[in-house]
Amino acid sequence: MNDDLRRLKDELGQARATIIALMPDEIRKVLESYLTQKREDAHKWEYEAVERILEFAQPRPAQEMGESLSSTQRTFCPLCERNARPGTSKGYAFPRALFDHLLGRGNLYHCPVFRAALALARDYFGSRGSH
Ligand SMILES: [Zn+2]
């Protein structure tokens, strides 16, 4: 059973690494930048990475994104290209809703790409702390 668990954990780690590897180079560098961080900066790293990902977004006027009730700029997620609401093409209000999507806050769908990066980073920081 322990072997099975270990194998599953390895497989999961590889699947997460594959998600990151499929990202464009510039984005991948940000998502892998935890590798150069100290464990005590882990929390800070999460916010810095989100800030840097926000720079890849291309916010457009709400009207252009089909949102007539708001004047807040909107954008698709630069990582997973999802929308805040399924079945629409209005993207996320920028930057607040995109920020929440990346960190899985509120009731917004947690970005699967950033979620994988967070899990890899937390494993990495966790393993460094216990040795
Ligand atoms: Zn996303």
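Values in this text are rule-based calculations from the coordinates and carry no lab data. These numbers were taken from a predicted model, which means no experiment stands behind them. So basically every Cβ, Gly included, is an ideal-geometry build from the backbone, and we count neighbours across all protein chains shown.
A cut-off of 5 Å between modelled amide H atoms, ignoring neighbours fewer than 5 places along the same chain, links ARG74 with ARG60, ALA62, PHE94. Bridgeable lysines around LYS38 (alpha carbons under 18 Å apart, same-chain partners fewer than 8 residues away excluded): LYS29. Of the residues VAL30, MET65, ALA15, the one whose Cα sits farthest toward the positive end of the charge dipole of the chain, with +1 on the Cβ of Lys and Arg and -1 on the Cβ of Asp and Glu, is MET65.
Comparing GLY91, GLY104, GLY66 in a Gaussian network model of the chain (Cα springs below 10 Å), the most mobile by mean-square fluctuation is GLY66. A crude spin-label estimate for the pair GLU64 and ARG96, with each label 7 Å from Cα along the Cβ direction, gives 2.2 nm. In the chain, the calculated helix contribution to ellipticity at 222 nm averages -16000 deg cm²/dmol per residue, counting -39,500 (n - 2.57) for every DSSP H run with n ≥ 4. Stretching the chain fully between THR72 and TYR47 yields a gain of 6.8 nm (0.36 nm per residue, less the alpha carbon separation). With each label modelled as a point 7 angstrom along the Cα→C-beta vector, the LEU12-SER33 pair spans 2.7 nm. Over all directions, the projected convex hull of the C-alpha atoms in the chain averages 9.5 nm² in area.
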